[in-house]
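Written out below as structure tokens is the structure these notes cover.
The values are calculated or read from the model by the stated rules, or taken from the named source; none is laboratory data. Please read all numbers here as calculations on a predicted model, not as lab measurements. For neighbour counting, all protein chains shown are included, and Cβ atoms are generated from backbone atoms with ideal geometry for every residue, glycine included. These accessible areas exclude ligands, DNA and RNA; they are computed on the full protein's heavy atoms, side chains included. Shrake-Rupley method; radii C 1.70, N 1.55, O 1.52, S 1.80 Å.
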Amino acid sequence: MIENIPPALLALFGGTITFTFTALGSALVFFFSKEIKHKVFASMYGFAAGVMMVASFWSLLAPSIELSKNTNLPNWVIPAFGFLFGSFFIWVLDKILPHMHIINGSEQKEGTNTKLSKNILLFLAVTLHNIPEGLAVGITFGAFSIGNADVTFNAALVLALAIGLQNFPEGAAVSLPLKTNGVSNIKSFLFGAISGIVEPIAAVIGALAVTKLTLILPIALSFSAGAMIYVVVEELVPEAVSEEHNHFGVFGFIIGFAVMMVLDVALG
């Protein structure tokens, strides 16, 4: 029954899951009158990093390696190329697209110089990193749709849930600073939620790409893995351990890693 659903609709379903978690994180503005303590954010970012680390391997790199066994190249060539290319792609976007992170209360602007407001730069930071996550969801659902034995529906669903879990703190990371800067609850929530709208769009694009060009599937999977690992190392881990002797982020990472490993093995 599920196999008969068009890949674009399956990808849209997966992207909607991730977007929903972003909106839920953004909704924290309605429940907190003051900024959340850093150790809470550190725990959430650590958890998100652990989840994404496991998802990048089990749901993306491992299937890419298996698919590469059917080529005339050594089975490490395509996954390695895709992984490096995905990381490089996000690095280029990081250098081009103006955006800003707030790490331990410190504003860190990246990308080209711009006169855009701080609120817009915070929004762009999350939107930038949501693009590869949406592509990853779409690619896995697309792989399932074309009958690839290495990617099951449960595996694609687990990946969508994993990305959704890590989107929760990202939604809050946009909406709560906006509220602190005097933006209304409604506008702060909408900015945070809309930052995740790119994921369903990217998911549909990813699904259509692999269903139309099935030969790119192993590259696409490893590309998504490389892009997500770049985000983990460049953003999530630094924000999780930005304070000296901060064990909240470390334990968050360990718990997130364990939870995702259990979900992937049990359901994937």
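For the chain, the longest principal axis of the C-alpha atoms and the axis of helix 217-231 are separated by about 20°.
Taken along the Cα-to-beta-carbon direction at a fixed 7 Å, the label points for W91 and S117 span 3.5 nm.
The spacing between the stretch 40-85 and the stretch 157-212, judged by their C-alpha centroids, is 21 Å. Report the calculated FRET efficiency for I146 and L190 (r = Cβ-Cβ distance, R0 = 41 Å), to the nearest 0.05. With R0 = 41 Å, the Cβ-Cβ based efficiency is 0.65. Helix-only arithmetic for the chain: the sum of -39500 (n - 2.57) across DSSP H runs with n ≥ 4, divided by the residue total, places the mean residue ellipticity at 222 nm at -23000 deg cm²/dmol. Considering only I219, V51, L176, the residue lying farthest towards the positive end of the dipole of the chain is L176, judged by Cα position with unit charges set on Cβ.
With contacts taken as Cα pairs under 8 Å at a separation of at least 6 residues, the chain carries a relative contact order of 44 percent.
For the chain, the direction-averaged projected area of the alpha-carbon convex hull comes to 13.9 nm².
The count of lysine pairs in the chain that are at least 8 places apart or cross chains, and whose C-alpha atoms lie under 25 Å apart, stands at 23. Cβ-Cβ distance of F32 and T214, R₀ of 45 Å, FRET efficiency by 1/(1 + (r/R0)^6): the value works out to about 0.45.
Please give the charge dipole size of the stretch 187-263, origin at the Cα centre, charges +1 on K and R Cβ atoms and -1 on D and E Cβ atoms. Round to the nearest 20 debye.
Working: 2 positive and 6 negative charges, 91 e Å.
In debye, rounded to 20, the stretch 187-263 gives about 440.
Rounded to the nearest 20, the Cβ-based charge dipole of the chain about its Cα centre (Lys and Arg +1, Asp and Glu -1) stands at 520 debye.
Over the stretch 23-63, with every protein chain in place, what whole percent of the accessible area is carbon and sulfur at 1.4 Å, could you tell me? Numbers along the way, then the final one.
Values: 1260 of 1760 Å².
Using a 1.4 Å probe with all protein chains present, the stretch 23-63 comes out at 72 percent carbon and sulfur.
The slack in the chain from V40 to N181, taken as 0.36 nm per residue of separation less the alpha-carbon distance, amounts to 48.8 nm.
Per residue, what accessible area does the chain have, given a 1.4 Å probe and all protein chains present, in Å²? Write down the numbers at each step before the final one.
Values: 12110 Å² over 268 residues.
Here the per-residue accessible area is 45 Å².
Give me the compactness ratio for the stretch 149-268, meaning the Cα radius of gyration over 2.2 N^0.38 Å.
On the way: Rg = 17.0 Å, N = 120, 2.2 N^0.38 = 13.6 Å.
Ratio of Rg to 2.2 N^0.38 Å for the stretch 149-268: 1.25.
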